[in-house]
Amino acid sequence: MDQLTELHCHILPYVDDGAQNLEEANELLLLQQEQGVTTIVATPHRRTHMFETPQEDVCRQFERLKEFAAQMTPPIQLLFGCENFCDTALEQRLREQSVVCMGDSSFVLIEFSGRHSAKELLAYTSLAVSEGYRPVIAHAERYPCVQENSELLEALIDAGAWIQINAGSVLGEDGLRQKWLCGRLMKQNLVHLIASDCHHMDMRRPNLGTCAAYVERKMGKAYAERIFYENPALILSGKTGE
């Protein structure tokens, strides 16, 4: 598969626990290109007391990397985004309508910790929706409350959320338990998006193309096209989805 869209990755240098410098960021871009990726939404972490890089610095690094991506052959389109940690600071930004979304859409990538409860996942989802956003739950397979009860994802979807899982989990890079869970979630039609969540050259490398080929073999072409093409295109179109 080619012309893929990467909707969750930590490719901007110097801003979080992803690319440590511009050289590594450029190398990650080249790997994304090898995986068939033509559009990337950069989603650096934003989390109080952990990832608080000033927004002007994040924007500066984005513009530097965007220039490099545009000069590649073929060029990669780099769009701005953020992985927003669910805490009181995010609650305030949601109410102030100041949350960084995915590209120019109303979709907002949100993440939780392993300590968040099912009730809290639902509460943040409902708040985001009530403020006019479409929440995308980042790497949903990693949360204990989801691992214990996958029916929680049905409730989150009913509340207005989209569900994203990591390509590495699908491929078994994070263990057989995660691979089995992701397979079950896909068969239950509880997944909207798959992304690499790439961070480094030596840890969680870009693997979206490899995963897309695997999903097509396991789930069929129609399913893979929906996950890797149709749903990302819906986000980038600015529409809110169903």
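Condition (residue is among the basic types (K, R) and over 30 Å from E225 (Cβ atoms)) applied to the range 85-93: is it met by at least one residue?
Yes, the conditions are met somewhere in the range 85-93.
Which one is surrounded by the fewest Cβ atoms within 10 Å (Cβ to Cβ), of the residues in the range 113-143 that are closer than 17 Å to H45 by Cα and touching an Asp or Glu at 6+ places or on another chain (Cβ under 7 Å)?
Checking each candidate, the answer is H139.
Among the candidates S113, S98, single out the residue that is among the polar types (S, T, N, Q) and either within 16 Å of D197 (Cα to Cα) or touching a Leu at 6+ places or on another chain (Cβ under 7 Å) (or both).
Just a single option satisfies the conditions, and that option is S113.
Which is over 22 Å from A25 (Cα atoms) and surrounded by 17 or more Cβ atoms within 10 Å (Cβ to Cβ), of L176, L181, L208?
L181 is the lone residue from the list that is over 22 Å from A25 (Cα atoms) and surrounded by 17 or more Cβ atoms within 10 Å (Cβ to Cβ).
Find all pairs meeting these conditions: Cβ atoms under 6 angstrom apart; at least six residues apart or on different chains; first residue within the range 83-102 and under 17 Å from K119 (Cβ atoms); second residue outside any helix (DSSP H, G or I) and of a type in the set (S, T, Y).
Taking only residues 6 or more apart or on different chains, the pairs are D87/T48.
Given the criteria buried (at least 23 other Cβ atoms within 10 Å of the Cβ), touching a residue at least 40 places away in the same chain (Cβ under 8 Å) and either touching a strand residue (DSSP E or B) at 6+ places or on another chain (Cβ under 9 Å) or under 20 Å from V136 (Cβ atoms) (or both), does I194 qualify?
Answer is no for this residue.
Among the candidates E131, E151, E173, which residue alone is of a type in the set (D, E) and within 25 Å of F228 (Cβ to Cβ)?
When all the criteria are applied, what remains is E173.
One line per residue, one yes/no per condition, for (1) free of Cβ contacts under 8 Å to residues at least 60 places away in the same chain; (2) under 17 Å from F80 (Cα atoms):
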residue: L4; (1), (2): no, yes
residue: H10; (1), (2): no, yes
residue: A19; (1), (2): no, yes
residue: L30; (1), (2): yes, no
residue: T43; (1), (2): no, yes
residue: F51; (1), (2): yes, yes
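So which of L153, L176 is among the hydrophobic types (A, V, I, L, M, F, W, C) and free of Cβ contacts under 8 Å to residues at least 24 places away in the same chain?
From the options L153, L176, the qualifying one is L176.
A short reminder: the numbers here are calculations on the coordinates, not readings from a lab. Just so you know, these numbers come straight off a predicted model, no measurement behind them. With ideal geometry, Cβ positions are generated from the backbone for all residues, glycine too; neighbour counts draw on all protein chains shown.
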